[in-house]
Amino acid sequence: MATTFEAIKNRYSTRGYTSEQLTEDELNKIILAGLHAPTATNRQEIRFSVIPGDNAILEELDTAKNGGIRTPEGRPNFYFNAPVLILLSAEDGFKWSELDAGIAVQNMALEAEELGLGSLIIGCIKDAMSGDKKDYFNKACKIPDGYSFRIAIAVGHKAAVKAPHTFSEEKQVVYL
Ligand SMILES: Cc1cc2nc3c(=O)[nH]c(=O)nc-3n(C[C@H](O)[C@H](O)[C@H](O)COP(=O)(O)O)c2cc1C
């Protein structure tokens, strides 16, 4: 089993999935990883909408996100045909909601990595989820009234491999 640090180091954004579904146990563990995440003042204001990859609302979201434009050769949809997409929404007006959702989604990405699955954190549908059709998409995704989309995560079996990103410790870290 991967240590937490190995999962952190090895995780990368997976932009291609096989058609294999997640088991109930895998899906439960990924959701639990989100539920176990800390929230400011323990408010627990994050809601998780679990959407199968073949749900028609995802096609509608994909169109809303891209204005319906498709390249002749066809472009991948925003969740790269993952078998499941989980939308994280949070209460409006709570100043830590954005951060709490980010912490929860990273917990879920790390749990996916530990299970040998791929994941992709997805923010590109935020405008579509908060624009003219917000109420429509919220209802379709069972997001409660007074809550707004924050972030999503696609999870599935990896069909695309990528090296973890590099970074500059010199540029990003200072020691006093
Ligand atoms: C808040 C957030 C939103 C993101 N939204 C998207 C997205 O909409 N589509 C996508 O393909 N990748 C998205 N990503 C993935 C980033 O592009 C990716 O994490 C970054 O390029 C580093 O690569 P790595 O995850 O492989 O380390 C998002 C990541 C974060 C943290």
Report summary line: Inter-part gap, Cα centre of segment 30-99 to Cα centre of segment 101-120, in whole angstrom, is 13
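So, with +1 on the Cβ of K and R and -1 on the Cβ of D and E, and no other charges, what is the size of the charge dipole of the chain about its Cα centre, to the nearest 20 debye?
Values: 19 positive and 24 negative charges, 71 e Å.
The calculated dipole for the chain is roughly 340 debye.
Let me know the shape class of segment 93-133, please: from the alpha-carbon gyration tensor, a ≥ b ≥ c as square roots of the eigenvalues, rounded when a/c is under 1.5, otherwise prolate if a/b is greater than b/c, or oblate.
oblate
Determine the shape class of segment 52-176: with a ≥ b ≥ c the square roots of the Cα gyration tensor eigenvalues, call it rounded for a/c under 1.5, and otherwise prolate if a/b is greater than b/c, oblate otherwise.
Details: a/c = 1.72, a/b = 1.20, b/c = 1.43.
Since a/c reaches 1.5 but b/c is at least a/b, the shape of segment 52-176 is classed as oblate.
Trypsin sites (Lys or Arg not before Pro), restricted to segment 5-62: which are DSSP loop and have at most 15 other Cβ atoms within 10 Å? Walk me through the numbers before you get to the answer.
Numbers: sites: LYS9, ARG11, ARG15, LYS29, ARG43, ARG47; in loops: ARG11, ARG15, ARG43.
Passing sites in segment 5-62 are ARG43.
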Query raised in the report: Using alpha-carbon pairs under 8 Å, 6+ residues apart, how would you state the relative contact order of the chain in percent?
Result: 37
Report task. Enumerate the amide H contacts of TYR17 below 5 Å, restricted to partners 5 or more residues apart or on another chain; note that Pro and chain-start residues carry no placed amide H. Result -> ALA159
Query raised in the report: Under a straight-distance cross-link criterion of Cα-Cα below 23 Å, which lysines are reachable from LYS162, leaving out those fewer than 8 residues away in the same chain?
Result: LYS9
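Take the chain, mark every one of the chymotrypsin sites (Phe, Trp or Tyr not before Pro) that falls in a DSSP loop and has at most 11 other Cβ within 10 Å, then report the longest stretch left between them, sites excluded.
Longest site-free region, per DSSP loop and neighbour criteria: 1-166.
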**Report entry** Qualifying aspartates and glutamates (Cα of each under 17 Å from Cα of LYS139; at least 8 residues distant if same chain)
**Finding:** GLU59, GLU60, ASP62, GLU91, ASP92, ASP127
Report summary line: Answer check: segment 4-110, Cα atoms, Kirkwood Rh, Rg/Rh ratio of 1.00
Query raised in the report: For segment 1-57, what class follows from the C-alpha gyration tensor (a ≥ b ≥ c being the square roots of its eigenvalues): rounded when a/c is under 1.5, otherwise prolate if a/b is larger than b/c, else oblate?
Result: oblate
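Coordinate-derived values only; no laboratory data. The model shown is predicted, which means the values in this text are computed figures rather than measured ones. No Cβ is skipped: glycine too gets one built from the backbone with ideal geometry, and neighbour counts run over all protein chains shown.
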